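S.K.: I have a structure I would like to understand better, so I am pasting it below and will then ask my questions one at a time.
The values are calculated or read from the model by the stated rules, or taken from the named source; none is laboratory data. What you see is a predicted model, and the numbers here were worked out from it, not measured in a lab. Neighbour counts are summed over all protein chains in view; Cβ atoms, including those assigned to glycine, are modelled from backbone coordinates with ideal geometry.
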Amino acid sequence: MKEKDRKKRKKGFKLPSVYKGCDSGLLMVLTVLLTYGIIMCFSASAPSAQSQMGDAYYFVKRQIGWVFIGLIAMTVTASIDAKIYRKYSKVLIAVSIALTALTLAMPAVKGAKRWLGVGSLGIQPSEMIKIALIIFLADRLSKQQWSPRANNLTEFAVNYVKDFGKYVLLLGIICVILLLQPHLSCTVLICAVAGFLFLVGGVKWSYLISTASAAVAALATFALSKGYTMERLQSYLDPFKYAKDEGYQVVQSFYAIGSGGLFGLGLGQSRQKFLYIPEPQNDFIFSIICEELGFFGALSVILLFGILIYRGVVIALNCKDTYSAMVVIGIITLITVQVVLNIGVVTGLIPNTGVSLPFFSYGGSSLVFMLASMGIILNISKNN
């Protein structure tokens, strides 16, 4: 009987074979983040879901559905050798650019043209373009041969166009399309990730500095030309002065964070989620975490992302080839920048950018593509 019991125990839950040999630390922290995210999505969204949809479970049911689809996507990408994406990197970036450009012909939703689809069924191609760009740049930069040091300005200009011009042109096209949507937060994200990949990919400092200067000037000019951007900047500098309009979300976020204290009000006990913070399950879900779970709850989220980032860095350092390492670095950088921007906005450290918190904020496209990118990292970890 004892032998039979042992055999039964051995037949317990097992990971799908596709995950055998993958980085177990990354899998574990990802599981915790997804579970944590679903719990907080329900807690944050229940009042607004009841008020808007008549069903307190409306948003969390949809989020669980997106998690399920995302896990399928992660399983698929984890089963495909990451080097195959390299073979089709040009196709991936071309298709993602075309789909993102196609959104400009779609009806505007909340003043922006970012979606492809009908009604509530749709995707944001800008989420796809982030991953496609990382794969494309990882492929090209890992094979790039740089010209020798220029002796004069003319030679520098020629070398710049020859070595770096194609990357600047590609990034420029993507940024123009995103700014036309408009989608300034995604533009900033893509520029930040591309910039870091250029840095680790061996791009000359002279190229980086000259390009970054021009890009910052162009983005600043665009931002200042838009009335809503100036309003956000003014509300960032003094949110309480604009507490009834542009500064409203941030001020309510301050109230949530401040009332949380060290240990929080308790899970489900937030007051600000009761229609004070608009759509608290989205970009400002971190403020609800702070209110309900306090400083230590917020710290736990940051530590979990820290572990995820650490495991990604370890995988990148152990890669056998430059391409795989750069793909991992690009995806981990994307997550890092999103986390920093989201928490920075919620705590009032940076202007409101509309960046979601990975694995926590409600939303399908972001979650599915983020989990798909995790599958790529898991495949790389397995092959190494």
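S.K.: Considering only residues of the stretch 16-38 that are surrounded by fewer than 15 Cβ atoms within 10 Å (Cβ to Cβ) and farther than 14 Å from MET374 by Cβ, which is modelled with the lowest pLDDT?
M.R.: It comes out as PRO16.
S.K.: Still on this structure, please answer the following. Pick from the stretch 34-82 the residues that are within 17 Å of TYR362 (Cβ to Cβ) and outside any helix (DSSP H, G or I): which of them is farthest from the chain's Cα centre (by Cα)?
M.R.: ASP55
S.K.: Inside the stretch 348-366, can you point out the residues that are in a loop (DSSP other than H, G, I, E, B), hydroxyl-bearing (Ser, Thr, Tyr) and either under 11 Å from the mean Cα position of the chain (by Cα) or closer than 22 Å to ILE38 by Cα (or both)?
M.R.: SER356, SER361, TYR362
S.K.: For ILE307, which of the numbered conditions (1) β-branched (Val, Ile, Thr); (2) surrounded by 23 or more Cβ atoms within 10 Å (Cβ to Cβ); (3) at pLDDT 95 or above fails to hold?
M.R.: Of everything listed in (1) β-branched (Val, Ile, Thr); (2) surrounded by 23 or more Cβ atoms within 10 Å (Cβ to Cβ); (3) at pLDDT 95 or above, ILE307 misses just condition (2).
S.K.: I need a count of the residues in the stretch 40-74 that are among the aromatic types (Phe, Trp, Tyr) and either free of Cβ contacts under 8 Å to residues at least 40 places away in the same chain or within 16 Å of ARG271 (Cα to Cα) (or both).
M.R.: Selection size over the stretch 40-74: 4.
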